[in-house]
Each structure stands twice: as structure tokens, then as C-alpha cells.
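Nothing in this text is a laboratory measurement; each read-out follows from the coordinates by a stated rule. Just so it is clear, the model here is predicted, and its values are computed rather than measured. Here Cβ is always computed from backbone atoms with ideal geometry, including for glycine, and neighbour counts include all displayed protein chains.
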Amino acid sequence: MILFLLISSLSMCMSCCSKIFPDANLSMQRKDYNGNELRTDGYYFREDNTSSRMIIYLLYNNGVLLYGGTPLISEIERREQEFANGEWHNTRKNDKAAWGIFCIDGKNIKIEKWEPSTGIGLPVYIREGNILNDTTFHKN
């Protein structure tokens, strides 16, 4: 009985947390991207050599960014298929932590997105980087 009450209280508290600790708001304004500094017909990745994973971002012409996850390098072909057939987008369309926006100013890119959280609202982080060419940027 005590376990039931404890679990019930915990679940009620968790359902209230989204109202007590709301998700942060994005501070940047989304703007369409029509430039040629970076391409939007593929994905950008960074290899994490410590875990044999790739960190992936997809950029869209409407200024929206989709986080492509962190697949193992050995699993990248499967993830590419999920990007190509729309499965990745469809399974992430309601996952706020998978989305963000980006803007480009000359040779600089700024990314703002929600990040996964411990359950007390989704925080927002801004990251900046330098564009080297139309297929490469480095985050600072």
C-alpha cells in the first residue's frame, strides 16, 4: 500500500512538473535560409572518437535544424536510410528536443536548440561556429 501511494505521488508530481518547470523558449527568430554558405541537401556530422559515434545535424531552408542523433559510426548507413525515407523526421516530429533553429551571418553559424533534460523542463542552448566551406563548419 505504501509503495502504491509513493508511486502515485511521484507520478502526480511528474505530471505537474511541466507546468511548474516549463520548457525554455528559443531566443533567436527563425528566418528562411536562402544563402550559399552552407548546403541544405544533406547532413552535417562530427565524429566523437571517444565513443565511436557521430553527432548529426540536418539544416533546412526554412532555418530549422533537426538533430540527427548520435549513431555508432558502424550504423550510419541505416541512419542515412532513415533520413532519406523520412522515417527519422516522422519519429522525431513531436520530440521538441530534436529541433532547433540556425542562422548564418557571413562565415558564422549560430544554432539554438532544446536539449534533453532531467525532467524539469527542456533548457535551450546556443552554440556558435565558423563556416569553412559549404559542407563544413566547426562549432566553437
Problem set entry | Spatially proximal lysines relative to K93 (Cα-Cα < 18 Å; intrachain offsets below 8 disregarded) | K113
For this session: Run down the aspartates and glutamates and flag those whose C-alpha is under 14 Å from the C-alpha of K31, throwing out any fewer than 8 positions away in its chain.
Result: D105, E112
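If the only charges are +1 at each Lys and Arg Cβ and -1 at each Asp and Glu Cβ, what is the size of the charge dipole of the stretch 93-140 around the Cα centre, to the nearest 20 debye?
Here the size comes out at about 60 debye.
Let me spell out the model: positive unit charges on the Cβ of Lys and Arg, negative unit charges on the Cβ of Asp and Glu, origin at the Cα centre of the stretch 23-139. What dipole size does that give, in debye rounded to 20?
It works out to roughly 240 debye.
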Exercise. By the gyration tensor of its Cα atoms, with a ≥ b ≥ c the square roots of the eigenvalues, what is the shape of the stretch 18-82: rounded for a/c under 1.5, prolate for a/b over b/c, or oblate?
Worked result: oblate
Exercise. Net charge near T70, counting Lys/Arg +1 and Asp/Glu -1 over other residues with Cβ under 9 Å of its Cβ?
Worked result: 0
For this session: Using only the Cα atoms of the stretch 43-140, build the gyration tensor, take square roots of its eigenvalues as a ≥ b ≥ c, and label the shape rounded, prolate or oblate: rounded if a/c is under 1.5, else prolate if a/b is larger than b/c, else oblate.
Result: rounded
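What is the sum of charges around F137, taking Lys and Arg as +1, Asp and Glu as -1, for the other residues whose C-beta is under 12 Å from the C-beta of F137?
My count for the surroundings of F137 gives +3.
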Exercise. What net charge is computed for the residues neighbouring R30, neighbours being all others with C-beta under 15 Å from the C-beta of R30, Lys and Arg scored +1, Asp and Glu -1?
Worked result: +1
